[in-house]
1. For the range 111-133, how many residues meet the condition of being surrounded by fewer than 16 Cβ atoms within 10 Å (Cβ to Cβ) and of a type in the set (Gly, Ala, Ser)?
2. Considering the range 135-153 alone, what residues qualify as being assigned to a strand (DSSP E or B) and either over 18 Å from Ala214 (Cα atoms) or in contact with a Phe, Trp or Tyr (Cβ under 8 Å, 6 or more places away or on another chain) (or both)?
3. If you take the residues of the range 177-222 that are in a helix (DSSP H, G or I) and among the hydroxyl-bearing types (Ser, Thr, Tyr), which of them is farthest from Leu128 (Cα to Cα)?
4. Looking only at the range 74-85, filter to residues that are under 24 Å from the mean Cα position of the chain (by Cα) and loosely packed, with under 10 Cβ neighbours inside 10 Å; which one of those is nearest to Ala163 (Cα to Cα)?
5. In the range 168-184, what residues are of a type in the set (Gly, Ala, Ser) and either modelled with pLDDT under 95 or open to solvent by 30 Å² or more (accessible area, probe 1.4 Å) (or both)?
6. Name the residues in the range 146-163 that are open to solvent by 70 Å² or more (accessible area, probe 1.4 Å) and either at pLDDT 95 or above or of a type in the set (Val, Ile, Thr) (or both), would you?
7. Pairs, please: C-beta under 8 Å, at least 6 apart or cross-chain, first residue closer than 19 Å to Ser195 by Cα and in the range 124-137, second of a type in the set (Asp, Glu)?
8. Scan the range 86-110 residue by residue and report those that are aliphatic (A, V, I, L, M), closer than 28 Å to Ala165 by Cβ and open to solvent by 70 Å² or more (accessible area, probe 1.4 Å).
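The values are calculated or read from the model by the stated rules, or taken from the named source; none is laboratory data. Please read these numbers as outputs of a predicted model, since none were measured by experiment. Glycine gets a Cβ as well: all are built from the backbone with ideal geometry, and neighbour counts include every protein chain shown. Ligands, DNA and RNA are stripped out before the accessible areas are found, and what is left, the full protein with its side chains, is counted by its heavy atoms. Shrake-Rupley method; radii C 1.70, N 1.55, O 1.52, S 1.80 Å.
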Amino acid sequence: FANMLLADEINRTPPKTQAALLEAMQERKVTIGGVDHGLPSPFFVLATQNPIEQEGTYPLPEAQLDRFLVYIRVEYPSDAEENEIMVRSGQKMPEISPILSGSDLENLQELTRQVTVAPAVTDLARRLVRMSRPNTPEAAPFASRLIQWGAGPRAGAGLLAAARARAALAGRFHVTPKDIEAVAAPVLRHRVIPSYIAQGDGIDSDKIVGQLLAAAKQATPAAVSAS
């Protein structure tokens with residue numbers, strides 16, 4: 001019952017725990033003994049996964065992955081970052097003080113929702129999502145071969161939400177196609193499941209999202225692509 005929940009190595013939690021977390025993320029409540037307990041607002045979940053060890057882990061089901069807005073891959077630190085990590089590891093932790101209240105964050109969220117999205121930009125996001133669904137009329141030509149499961153409706157909403165946030169951080173009150181392109185991989189990489197053929201060919205979800213983006217841009221009017 002906190003505004004921010006950090007689930008470290010979430011793939012080590014058993015299915016029952018994951019199911020409880022799914023309810024919290026979707027319904028913003030926890031049910032105990034048949035009684036609903038509402039979670040505070042704002043509320044959001046951050047989680048980490050260990051991609052190396054398989055023993056003792058429980059892969060997250062697609063339904064739960066879909067509740068996360070973005071999936072960010074954390075690579076090895078740069079030389080300078082690693083040096084700073086080593087230097088700081090022996091230092092005393094600094095005092096932590098809040099910089100935003102819950103109401104401040106809610107106001108920023110409301111401000112972000114007011115960032116405008118032109119119909120042509122929405123079309124680009126929608127086309128990108130619909131092209132990811134194999135064996136559908138709007139699927140990309142390679143979708144049936146490379147994609148086992150495409151992105152659901154939450155993906156389109158997630159693309160626009162992340163693009164709005166990116167535009168607001170850049171000081172703009174309108175979303176451009178560049179915003180959609182920038183957030184496509186983190187929003188879609190956990191929602192587009194590669195097929196066995198793709199995995200055998202060394203094609204991961206990021207490469208598939210790149211191909212989908214190229215196909216969606218090619219099918220988008222020139223005026224939008226050049227924006």
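1. Total meeting the criteria: 2.
2. Taking the range 135-153 first, the residues assigned to a strand (DSSP E or B) are 147-149.
If the condition is that a residue be assigned to a strand (DSSP E or B) and either over 18 Å from Ala214 (Cα atoms) or in contact with a Phe, Trp or Tyr (Cβ under 8 Å, 6 or more places away or on another chain) (or both), then Gln148, Trp149 are the ones that fit.
3. Keep residues of the range 177-222 that are in a helix (DSSP H, G or I), which gives 177-188, 196-200, 205-218, 222.
Next, from what is left, pick out any that are among the hydroxyl-bearing types (Ser, Thr, Tyr): 196, 205.
Details: Tyr196: 22, Ser205: 14 Å.
For the range 177-222, the residue satisfying everything is Tyr196.
4. First, the residues of the range 74-85 that are under 24 Å from the mean Cα position of the chain (by Cα): 74-78.
Imposing the further condition that a residue be loosely packed, with under 10 Cβ neighbours inside 10 Å reduces the set to 74-76, 78.
Numbers: Val74: 21, Glu75: 23, Tyr76: 26, Ser78: 27 Å.
Residue satisfying both the conditions and the ranking: Val74.
5. Initially, the range 168-184 is screened for residues of a type in the set (Gly, Ala, Ser), giving 168, 170-171, 182, 184.
Matches in the range 168-184: Ala168, Ala170, Gly171, Ala182.
6. First, the residues of the range 146-163 that are open to solvent by 70 Å² or more (accessible area, probe 1.4 Å): 148-149, 153-154.
Result: no residue meets the conditions.
7. Within 8 Å, the pairs are Arg130/Glu138; Met131/Glu138.
8. Selection gives Ile96, Ile99, Leu100, Leu108.
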